[in-house]
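The values are calculated or read from the model by the stated rules, or taken from the named source; none is laboratory data. Everything numeric here is computed off the predicted structure, so don't read it as measured data. Reconstructed Cβ throughout: ideal geometry from the backbone, glycine too, with neighbour counts over all protein chains shown.
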Amino acid sequence: MEERFYPSLIDILFRNPRKDPTQLRTENEKQFQYLLRHAYERVPYYRRLWDEAGVNPNDIKSIADLPKLPMVDKETIVAAGDDALEQGVDPATMDTMSTSGTSGRAITMRRVIKEIRVVRRSYLRSLFKNGARPWHRNLTMASTWLSNKKGWFISKFAKTHHIFPKDSLDDQLKTLREFDTQNLMGQTGGLFLLARELLRRGETYPLNILAPTGATLMPQMRAALREAFCTEPRDLYGAVELGAISWQCKAGNYHVDADRMLVEIVDTDGRPVPVGETGQVVCTTLHGYSLPLIRYRLRDVASLSKDTCSCGVKFPLMGPVHGRINDFLPTPTGELVSPHFLYHIFDHVGGSPVKEWRIIQHAPDRMTYEYVPEDNFNQAALEGGMDTIRERFGGNIEVNAVQVESVPMTPNGKRTCIVSELNPESIDGMRPWDKEAQAGMSEELAAMSS
C-alpha cells in the first residue's frame, strides 16, 4: 500500500468487520507506515514536531513504536494553522468540520471530501451493525451544520430527517411522531432531555434503535433513555474530527473502529497502560491525509479489553468511556469528584426540582449551577442539592445557583451538563485513571476504573 487509500462503503459495512484480525493488523501496518512518511514529507507541522523530538519515521518500525512519537491535541493543531495541513491541497476541495467544544475549545478543522465520507461511513456502520437499514425511518438530532452533511448514498436512498437541539421539546416530540421514527441517533444530552420530557408527561415512544453520541452516557441517562424509548441505548463514542472511535453492538460491547483508527490508552506521559487498566484515549486516523491526526490526545478516560464478542464483528473491544478529564472536578484539596456524583445530588430530596442544568467550575473553590426549574419547582429541594455539592467539595466552596430560561448549547448544537474552566494540566491530581484519584469518585465509577 504505497498510496493514499479510502475505504469504500462496502469495505466499511461488510468486508472489514469480518476480516481476520491478523489480516487487518497487516493492512493497518502498511497504511500506518505510508501515513508516517506522508506526514513527515508533506505536512510542515509534523516534520517540525518530530525533528524537535529527535524522531524520524524510519525509527518507527511498527505500530508498536507509536509511543516514540509525541502526542498532539486540539490546541496544538489549531496553533499550527496551515502548517498542520498537507502542502499543495487546493482549499476549494476542502470542507470544514466543527467540533463542539464540550471537551475544551471549540475548533474548526478542514478535510477533503473523500476523508469526510470515510468519517460519515464510520457512523453509518455503527447503526447498520445494530440493525438500521436505509428504508427505515431514521431521525437524527443534529445541529444545522451536521444536517447539511449528508453523503450521496444517504441523500439518494435513505429515509432520514433531522430535529434540532435548539427547537423546543414540544417541537422535537412533534417531529418524532410525525416522521413515524423507527431509529433515533443524536447528541446524548439532547436525547436525555427528550427522554425526560416524555417521562415527565407519563409517555413513552418505542424505538427499534437508539444511538446516543457526543457525550459520556451516564447510568442515569441510560436508564431514562431505556425507559422512555423502550429499547437499550447503543452508545457511540466518537469525535467530529475523528468519526466513530468505538460503538456498542447488539451484544452491548464496544468495538473499536479498528480498520480506520489506532486507539491507545496511555498514562500522563503518553506511555501505554496494560490492557484492562484505565488511562486517557489517544487516536491515530489511518485515512486522514489532508489533516493528519497522529497520536491525537482526547481528554477522555477509558480502557481497552481482552474480551471477544459473539456478535460477529471481529474488531477489538474497549470499555465504555468513564468521562472526560474535564468532567472530573477537583475539590480545593485536590480530590477528584466524578461526573456521576453530579447527576445524583437530588436523590435524597425525593427527585430533581430542575428540568435542565449545567454546572460550571470556575476555580476549585467556586462554581455556578445554572438551572431551568420544573413546573412544580421546590426551592428547598434545590437548596438541598446545593448543600450536597458543598458537603462533597468542602464547606468553604462557593456555589451560586442561577435560574436561566434555557441552558446554552455549544456552537455545534450539543448540550453539556459539566463545564470546567480549569486547565487539567495545571491542576495536581487531574488524572482520573490513577488509583489515588479514585478516592474522589463514586463507588460505581471507581469500580469501573479499577
Output for the stretch 240-251, where each listed residue is part of a loop (DSSP other than H, G, I, E, B) and either under 17 Å from Lys314 (Cβ atoms) or aromatic (Phe, Trp, Tyr) (or both): Cys249, Lys250, Ala251
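Could you tell me whether Thr216 is in a loop (DSSP other than H, G, I, E, B), modelled with pLDDT under 95 and closer than 22 Å to Arg125 by Cα? Let's see the steps before the verdict.
Working: in a loop (DSSP other than H, G, I, E, B): yes; modelled with pLDDT under 95: yes; closer than 22 Å to Arg125 by Cα: yes.
So Thr216 passes the test.
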Inter-residue pairs, beta-carbon under 9 Å, first assigned to a helix (DSSP H, G or I) and in the stretch 370-383, second surrounded by 14 or more Cβ atoms within 10 Å (Cβ to Cβ) and of a type in the set (Ser, Thr, Tyr), 6+ apart: Ala381/Ser352; Leu382/Tyr369; Leu382/Tyr371
Any hit, the stretch 289-305, residues being surrounded by fewer than 21 Cβ atoms within 10 Å (Cβ to Cβ) and of a type in the set (Val, Ile, Thr): no
Near pairs, Cβ below 6 angstrom, 6+ apart or cross-chain, from the stretch 261-285 (exposed (fewer than 15 other Cβ atoms within 10 Å of the Cβ)) to any residue that is in a strand (DSSP E or B): Val275/Leu304
The stretch 240-265: number of residues that are closer than 24 Å to Tyr40 by Cβ, touching a strand residue (DSSP E or B) at 6+ places or on another chain (Cβ under 7 Å) and at pLDDT below 95: 2
Leu291, sole failed condition from (1) in contact with an Asp or Glu (Cβ under 6 Å, 6 or more places away or on another chain); (2) at pLDDT below 95; (3) assigned by TED's automatic domain parsing to the domain that holds Leu49: (1)
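Residue-wise test of (1) outside any helix (DSSP H, G or I); (2) assigned by TED's automatic domain parsing to the domain that holds Phe229; (3) within 19 Å of the chain's Cα centre (by Cα).
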site: His162; (1), (2), (3): yes, yes, no
site: Asp167; (1), (2), (3): yes, yes, no
site: Leu191; (1), (2), (3): no, yes, yes
site: Leu198; (1), (2), (3): no, yes, no
site: Glu203; (1), (2), (3): yes, yes, no
site: Pro212; (1), (2), (3): yes, yes, yes
Scope the stretch 219-232; condition touching a residue at least 40 places away in the same chain (Cβ under 8 Å) and either closer than 22 Å to Asp180 by Cα or in a loop (DSSP other than H, G, I, E, B) (or both); matching residues: Phe229
One residue from Thr368, Thr331, Thr388 being more than 22 Å from Arg299 (Cβ to Cβ) and of a type outside the set (A, V, I, L, M): Thr388
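For every residue, the table says whether it meets (1) over 18 Å from the mean Cα position of the chain (by Cα); (2) under 30 Å from Tyr6 (Cβ atoms); (3) not assigned by TED's automatic domain parsing to the domain that holds Met386.
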| position | (1), (2), (3) |
| --- | --- |
| Tyr296 | no, yes, yes |
| Arg299 | no, yes, yes |
| Cys309 | yes, yes, yes |
| Leu317 | no, yes, yes |
| Glu335 | yes, no, no |
| Phe346 | yes, no, no |
Criterion: surrounded by 18 or more Cβ atoms within 10 Å (Cβ to Cβ) and either at pLDDT 90 or above or aliphatic (A, V, I, L, M) (or both) - qualifying residue of Ala39, Ala92: Ala39
Qualifying residue in the stretch 303-312 (condition: under 21 Å from Asp73 (Cα atoms) and not in a helix (DSSP H, G or I)): yes
Within the stretch 121-160, considering residues that are basic (Lys, Arg) and either at pLDDT below 90 or surrounded by fewer than 16 Cβ atoms within 10 Å (Cβ to Cβ) (or both), the one farthest from Lys174 (Cα to Cα): Lys156
Candidate set from the stretch 384-419 (those that are in contact with a helix residue (DSSP H, G or I) (Cβ under 8 Å, 6 or more places away or on another chain) and assigned to a loop (DSSP other than H, G, I, E, B)); member that is modelled with the highest pLDDT: Ile397
Residues of the stretch 257-271 classified as outside any loop (DSSP other than H, G, I, E, B) and closer than 18 Å to Arg324 by Cα, total: 4
Residue that is surrounded by the most Cβ atoms within 10 Å (Cβ to Cβ) [pool: residues in the stretch 306-317 that are more than 27 Å from Gln33 (Cβ to Cβ) and of a type outside the set (D, E, K, R)]: Cys309
Scan of the stretch 1-26 for residues that are in a helix (DSSP H, G or I) and without any contact (Cβ under 8 Å) to a residue 40 or more places away in the chain, ordered by number: Ile10, Phe14, Arg15, Thr22, Gln23, Arg25, Thr26
